[in-house]
Amino acid sequence: MSNKNQNSKTGLFLGALIFGGLGIFLLFSSVQNLKMVHASKAWPHVQGAVVSSNVVRVLKSTDKKGKRHYSYKGDVRYNYRVEGQEYLSGRISFGDYSTNTPAHAQEVVADYPVGKKVQVYFDPDAPMHSVLERKAGFTSFLYVGLGLLFALGGLALLFLFFVKLFTGR
């Protein structure tokens, strides 16, 4: 067997592991997130209040020319009380996300101004876990799609690896 052929097989196998592993990770984490959305439908709720609401700009990267790239997220903090214990949380929904432009973050902040009374849904087994909206965010569904794509890509590479392995090419 030639060295080039062996390298090709090794590359296919490593590619299958990397793509497949990433796909499985993305699928697992997004399915867990969707399970939490489903479970939260049965969570009790209490009234809370928004205590801070800001657009947060975070440096994502700096390119070779020194240009900085930022992401923007609506950072909303709210407090609530369960059985006499006060909690502070910042999770609006499952799959909150940031974007490259501030528009989405500004919408989130506009929806939740400081002082607004909010309905807080909390996990009865762990009241520190809460959300304001019992829905999955865009990223939850995006990660399902990407997870499937990467997992299928990994399977395709694994198939090609076995074809090369058993045909000797």
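Entry for region 88-149 at q = 0.21, 0.30 Å⁻¹: log10 I(q)/I(0) = -0.97, -1.28, Debye formula applied to identical alpha-carbon scatterers, no solvent contribution. Annotation note: GluC sites (Glu not before Pro) in region 35-130 located in DSSP loop regions with a Cβ neighbour count of at most 11 within 10 Å are 83. Computed from the C-alpha gyration tensor, the three semi-axes of the ellipsoid equivalent to region 43-133 are 30, 13, 10 Å, from longest to shortest.
Taking region 121-160 and a reference point 7 angstrom along Cα→Cβ of residue 29, the backbone N atoms nearer than 16 Å belong to 137-151. For region 28-85 versus region 113-164, the spacing of their alpha-carbon centroids is 13 Å. Neighbour counting of Cβ atoms within 10 Å sorts the residues 111, 96, fewest neighbours leading, into 111, 96. Spatially close Lys pairs in the chain, defined by Cα atoms under 26 Å apart and a spacing of eight or more places or different chains, total 16.
Over the chain, DSSP H runs of length four or greater, each weighted -39,500 (n - 2.57), average out per residue to a 222 nm ellipticity of -16000 deg cm²/dmol.
If you look at the Cα atoms of the chain, you get an Rg and a Dmax of 22.4, 72 Å. Take 15-24, 57-66, 158-167 and order them by the average number of nearby Cβ atoms within 10 Å per residue, most first; the result is 15-24, 158-167, 57-66. Of the chymotrypsin sites (Phe, Trp or Tyr not before Pro) found in region 35-112, those in coil by DSSP whose Cβ has at most 16 other Cβ atoms within 10 Å are 97. Annotation: extensible slack from residue 56 through residue 167 equals 34.4 nm (criterion: 0.36 nm per residue apart, minus Cα-Cα distance).
The numbers here are math on the coordinates, done by the rules we state, and not lab data. These numbers come from a predicted model, not from an experiment. Don't worry about glycine lacking a Cβ; one is built from the backbone with ideal geometry, like all the others, and counts go over all protein chains shown.
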